[in-house]
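Engineer: Structure incoming, see below.
The values are calculated or read from the model by the stated rules, or taken from the named source; none is laboratory data. Bear in mind the structure is a predicted one, so any value in this text is a computation, not a measurement. All Cβ positions, even for glycine, are placed from backbone atoms using ideal geometry, and neighbour counts span all protein chains on display. With ligands, DNA and RNA removed, areas are computed over all heavy atoms of the protein, side chains included. Shrake-Rupley method; radii C 1.70, N 1.55, O 1.52, S 1.80 Å.
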Amino acid sequence: MVEGPPLRADAQRNRARILDAAEAVFAESGPRASTEEVARRAGVAIGTVFRHFPTKDDLLAAIMKRLLTQLVEEAGQRDLFAFFTHVVAQAAAKKTVADLLAGSGMNIRLPDAVGHLEEAVGRLLEQARAAGVVAPPVRLAEVMALLASVCQGALHGGWDEQLQARTLAVVFAGLKRN
């Protein structure tokens, strides 16, 4: 992804439209989807896509970063259990670019964005501990592992709402104080 001076308002709108279109195109067609289709759906020329994202990997990395940023924002609006439930429901409802990348062999690393998500979940964990609803020995690494595992199960298993609820009840029982 190209970093530089702040974008003009029209360039910001184009970038957002490109990312919206790319998320939909890649979710539908996988990581081999064409950037030409992304440009068509975004209503921009292919050159505009490449000005913002010189390579397909840059475009995919930007989508991943945006998804992680959205999760961080959503974590700030919920408690630990509501956030967990929300993320699992999202995973069960649709394939995301994150899942497509995991199975595609593309190795896109976003340590800063992942770190921000871990920090947000860490804050939720501390709030839950302070409220006395999560057992003191529960650590962030365990919560992140549970979140990732349950999301993968929901995503690949196409879990319905009842299975999501039953699985989360078991996970939450394990996290709560006795």
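Engineer: How many residues are touching a Phe, Trp or Tyr at 6+ places or on another chain (Cβ under 9 Å) and either among the aliphatic types (A, V, I, L, M) or outside any helix (DSSP H, G or I) (or both) if we restrict to the stretch 59-75?
Structural biologist: So the answer is 7.
Engineer: Filter the stretch 140-153 down to the residues that are in contact (Cβ under 8 Å) with a residue 12 or more places away in the chain and either over 15 Å from residue 83 (Cα atoms) or in contact with a Pro (Cβ under 8 Å, 6 or more places away or on another chain) (or both) and list them by number.
Structural biologist: 152, 153
Engineer: Among the residues of the stretch 43-58, count how many are of a type in the set (Val, Ile, Thr) and outside any helix (DSSP H, G or I).
Structural biologist: Going through the stretch 43-58 one residue at a time, the tally reaches 2.
Engineer: Enumerate the pairs (first residue in the stretch 8-20 and within 19 Å of residue 37 (Cα to Cα); second residue anywhere and outside any helix (DSSP H, G or I) and β-branched (Val, Ile, Thr)) with beta-carbon separation below 7 Å, excluding pairs fewer than 6 apart on the same chain, so at least 6 apart or on different chains.
Structural biologist: These pairs meet every condition: 14/44; 17/44; 18/44.
Engineer: State all residues of the stretch 31-42 that are in a loop (DSSP other than H, G, I, E, B) and of a type in the set (D, E, K, R); if no residue qualifies, say none.
Structural biologist: 32
Engineer: Further, regarding this structure: Mind listing whichever residues of the stretch 12-30 are modelled with pLDDT under 80 and in a helix (DSSP H, G or I)?
Structural biologist: Scanning the stretch 12-30 gives a single hit, 27.
Engineer: Continuing with the same structure: Hey, among the residues in the stretch 146-167 that are within 20 Å of residue 76 (Cα to Cα) and open to solvent by less than 50 Å² (accessible area, probe 1.4 Å), which one's modelled with the highest pLDDT?
Structural biologist: Initial filter on the stretch 146-167 (within 20 Å of residue 76 (Cα to Cα)): 146-148, 151.
Retained after the next criterion (residues that are open to solvent by less than 50 Å² (accessible area, probe 1.4 Å)): 147, 151.
On the way: 147: 89, 151: 85.
Result: 147.
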